[in-house]
Amino acid sequence: MIENISAIPLAYGDFDSDKFTDIFMLGNNGTSIYLLKGHSCVDGKTVLTFFGSRRCLSIVHDFHCHLSNNVYNLIASDFTGHMHQDLLITVKSTKFKSRYDIILVNGNTTAEEFNCNERKKILINNAKSEPFILDYNGDMISDFIVETDDCSLQLVLGGVTDTTIDTIDHYNNLTIDSNHEPKNRYVCLSNLTKIKHLAHPHASGFLNLNSYLIDMTSDLFINGQNEFEYIYNIPQEGFQPNQNGENLYSFPTIASIRGQSSFVDLNYDGKLEHLIPVCLDSDAKSFAQCKQPNLMVFDMDTGDWFSILNTTEPLGTEFNRTLTFIDSRFCDYIEIPVTLHIGDIDYDGYPDFATILFDQQTEQTVAAIFLNKMIDGEKNTWNRIFQLDWIGEYTENVRMVSLFDIFNNGRLNLLITTENAHTNQLTLQSYDYYGEKSLYFSFLRVNVISGLCSDKTEDHKCPNHLAYGGTPPGAMVCFAGPYTDDHCCSVQMSQTAHFALQPPYIIFGLGDVLNVINDLSISIANGKNPSRTRKWNEIIPGSNLVIVPYEPDQMKNWELRVFINMSIYSLVSLSFLLILGLILTCAISILHFREKVEDRIDNQQYRNAWL
C-alpha cells in the first residue's frame with residue numbers, strides 16, 4: 001500500500017520531463033488523481049515499500065487533481081504544443097448517463113504546485129465514447145478522436161486555440177491559415193469510415209497496420225460494435241477514405257463474447273498481428289461463465305480468425321484450477337473488458353502478455369502471464385502459440401495488471417492491484433518475473449520523445465532540456481532481429497482508451513544475443529507529408545535509447561542518445577577482463593621484481609669476483 005492511499009494505476013507518463021516515468025493513480029472512489037513520481041532508485045525520499053531498499057516511486061504532495069465527477073480515463077501527452085505533458089481526462093457527463101465530458105488540463109513542469117482545477121478546460125461535452133489519441137496532421141502535437149452525437153469520428157486537433165466547431169468531412173478539405181496550421185480544432189472524419197458507431201468499450205488505435213517492408217506510417221484501427229476497419233495513411237496523400245468497404249472486417253463469428261483487441265509482432269516478421277480474447281461457448285452470458293476461453297489472431301490475407309492459445313487441455317489445468325478470462329470491475333462504476341498487456345516478459349525476443357484470470361472454483365481473480373512459444377506438433381501460419389506460464393497464486397481479488405519498468409533498467413515488472421473484499425482498499429504490488437526466473441537476457445529499450453525542441457539549439461525552450469513528457473503516439477520502432485533476417489517491430493502509445501496502460505516506451509527482449517543490433521528504424525507520424533523514417537546501425541545490447549526527432553521533416557538531424565544498462569553477461573565479461581588484467585599485472589610485476597632481484601644478485605657476484 002502507498003502512503004495509505006487506496007488507488008489504482010490510471011496512466012503512465014513523464015509528467016515532469018526528468019527522464020523517469022511517473023504513474024497517475026485513480027483514488028478516492030474515482031474522483032481524485034494522484035501522481036507517483038519516478039526517480040533514481042538511490043533517492044531515499046520514496047514510499048513504495050514492497051521493493052525493499054530499491055525504492056523508485058514517491059507520492060507528489062503538491063499535485064492536486066480532485067474532480068467533482070467520476071474519472072473514467074486519463075491520457076498523458078502533449079496536446080498544446082508547449083512541450084509540457086498535458087492531461088486529457090475523461091469524466092462522467094454531468095447531464096446524461098453513459099456519456100462523457102472530455103477535459104484538457106494544461107501541463108507545467110515549472111510550477112511548484114499543480115492544481116488541475118486551475119488549468120482545466122472542457123473540450124467535448126456529452127461524448128458517446130472515450131477518446132483515443134493520434135497525431136493526425138504530423139505536427140508532433142497529440143490530437144484525439146471521439147464519437148459524438150453529430151459525428152462518428154470527431155477529430156479534435158491539438159495545439160489549436162480556435163474552438164469553432166466545424167463539420168468538415170475530410171482532412172483534404174481542411175481550411176489552412178497562412179502559417180500552414182488548421183484554423184479549426186474540431187473536424188468530422190465521418191467520410192473516412194464505414195463504421196457508424198464505435199464499440200462500447202472500444203480499442204481503437206493509431207499504429208502501422210502494414211508490414212514494415214511496405215511502409216512504417218501510422219494508420220487507424222477503428223473498433224466498431226461488430227466490425228472493425230483499417231484506415232491506411234498513404235505518404236504524401238494522408239488517410240484514405242474506405243469508400244468501397246474493402247478494409248472492413250468482421251470479428252470472429254464463432255465467439256459469443258470478446259475482449260479488447262491488441263496488436264503484436266507475433267513471429268518476428270515485422271508486421272503487427274491483431275489479437276483478441278474470446279469465449280467460444282454459445283450459451284455463456286459473460287466470461288465468468290465461459291468454459292472455452294480462447295485467443296484468436298486475424299489473418300488479413302484470408303480474412304479468417306485462427307486460435308493462437310494452447311488449448312490441448314483446459315486453461316489452468318497445470319495449476320489444478322479452472323480458469324477463464326475476466327472483465328475487471330472497481331470503484332463501483334468502472335468496468336474494464338479483458339485486456340492483454342503486451343510485453344516481452346521472458347526476454348526471449350517474442351512478445352508475451354499479462355492479464356487477469358477468473359478461477360471458477362474459488363471465484364477469485366488472479367494475475368497471469370502467457371508466454372509466446374514456438375508451436376509443437378501441428379503448425380499454424382505463425383508457428384507460435386501462447387501458453388499460460390504463471391499465475392499469482394497468493395495475490396487474489398486482482399483488479400488490474402500492467403507492465404512497467406519500475407527500476408528504469410529495461411526489465412518489465414508486473415504491477416498488480418488487488419482489492420480487499422471487506423474494506424475495498426486497493427493495494428499495489430509488483431512481481432519481477434525476470435528476477436524470479438533468474439533470467440540473464442539482454443534488451444533494447446526505445447523511447448521516442450517530442451521533436452518540437454532540442455537542447456542543442458541556442459534558443460531551446462525545452463522543459464528540463466528535453467520534452468521527455470511529450471510522448472508522440474504511433475511512433476514505430478523496428479530492428480533486424482537476432483534470430484532471423486526479418487525485423488521485429490512495435491508501436492509506442494498505440495492504444496489509449498479504457499485503461500490501456502501502455503508505457504511511453506518500447507522494450508524488446510534480445511535473448512542471449514550479445515552482438516550489436518543493426519538496422520534500427522524509427523518512424524513517426526507524417527500526416528500528409530512524405531514518410532518520416534531514420535535508420536541507425538551498431539546499437540549496443542542493453543541500451544536505453546532516447547530518440548529526439550527534432551525537425552521532424554529533417555530526418556538526418558534526428559538525434560539518438562544512448563544510455564547503457566549493463567546486462568549480467570556484459571558485467572561477467574567485464575569482471576572477467578578486469579580480473580584477468582589484474583592477474584596479468586600481478587604476474588608481470590612478480591616476474592619484473594624477480595628479474596630485478598636476479599640482476600642485483602648477478603651484479604653483486606660480479607663485483608665480488610673482481611674486488
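Modelled with pLDDT under 90, over 19 Å from Asp332 (Cα atoms) and among the hydroxyl-bearing types (Ser, Thr, Tyr), is that true of Thr46? When the stated conditions are applied, Thr46 passes them. If you take the residues of segment 217-236 that are assigned to a strand (DSSP E or B) and of a type outside the set (A, V, I, L, M, F, W, C), which of them is surrounded by the most Cβ atoms within 10 Å (Cβ to Cβ)? Filtering segment 217-236 for residues that are assigned to a strand (DSSP E or B) and of a type outside the set (A, V, I, L, M, F, W, C), the one surrounded by the most Cβ atoms within 10 Å (Cβ to Cβ) comes out as Asn233.
Taking the criterion of being assigned to a loop (DSSP other than H, G, I, E, B), over 21 Å from Asn420 (Cα atoms), in contact with a strand residue (DSSP E or B) (Cβ under 8 Å, 6 or more places away or on another chain) and among the hydroxyl-bearing types (Ser, Thr, Tyr), the residues of segment 295-337 that qualify are Thr311, Thr322. Scanning segment 84-108 for residues that are among the hydroxyl-bearing types (Ser, Thr, Tyr) and surrounded by fewer than 20 Cβ atoms within 10 Å (Cβ to Cβ) gives Ser93, Thr94, Ser98.
Per the listing Asn557, Asn529, Asn537, the residue uniquely over 23 Å from the mean Cα position of the chain (by Cα) and under 20 Å from Gly270 (Cα atoms) is Asn537.
Picking from residues in segment 282-319 that are charged (D, E, K, R) and more than 19 Å from Ile356 (Cβ to Cβ), the one that is modelled with the lowest pLDDT is Asp301.
Of everything in segment 424-456 that is closer than 25 Å to Pro541 by Cβ and aliphatic (A, V, I, L, M), the residue that is surrounded by the fewest Cβ atoms within 10 Å (Cβ to Cβ) is Leu439. Checking the structure you have, find out if any residue of segment 209-216 is among the aromatic types (Phe, Trp, Tyr) and not in a loop (DSSP other than H, G, I, E, B). Checked segment 209-216: no residue is among the aromatic types (Phe, Trp, Tyr) and not in a loop (DSSP other than H, G, I, E, B). When Asn117 is tested against (1) surrounded by fewer than 20 Cβ atoms within 10 Å (Cβ to Cβ); (2) of a type in the set (S, T, N, Q); (3) part of a loop (DSSP other than H, G, I, E, B), just one condition goes unmet, and that condition is (3).
Residues of segment 293-339 being on the phi > 0 side of the Ramachandran plot and free of Cβ contacts under 8 Å to residues at least 24 places away in the same chain, which ones? Residue satisfying the conditions is Asn320 alone.
In this structure, does Ser450 turn out to be not in a loop (DSSP other than H, G, I, E, B) and not acidic (Asp, Glu)? It is false that Ser450 is not in a loop (DSSP other than H, G, I, E, B) and not acidic (Asp, Glu). Looking at (1) surrounded by fewer than 17 Cβ atoms within 10 Å (Cβ to Cβ); (2) in contact (Cβ under 8 Å) with a residue 24 or more places away in the chain, which is the only condition Ile214 fails? Ile214 satisfies every listed condition except (2).
Each residue in segment 69-83 was checked for being farther than 24 Å from Arg329 by Cβ and either of a type in the set (Lys, Arg) or surrounded by fewer than 23 Cβ atoms within 10 Å (Cβ to Cβ) (or both), and 3 of them qualify. Remark: pairs (first residue in segment 360-372, free of Cβ contacts under 8 Å to residues at least 60 places away in the same chain; second residue basic (Lys, Arg) and part of a strand (DSSP E or B); Cβ separation under 9 Å; 6+ apart in sequence or on different chains) = Thr365/Arg399. When segment 404-461 is filtered for residues that are at pLDDT 90 or above and closer than 28 Å to Gly81 by Cα, the ones remaining, listed by number, are Phe404, Asp405, Arg445, Val446, Asn447, Val448, Ile449, Ser450, Gly451, Leu452.
The values are calculated or read from the model by the stated rules, or taken from the named source; none is laboratory data. A quick note: this is a predicted structure, and the numbers were derived from the prediction, not measured. Using ideal geometry, Cβ is built from the backbone for each residue, glycine included, and neighbour counts are taken over all protein chains shown.
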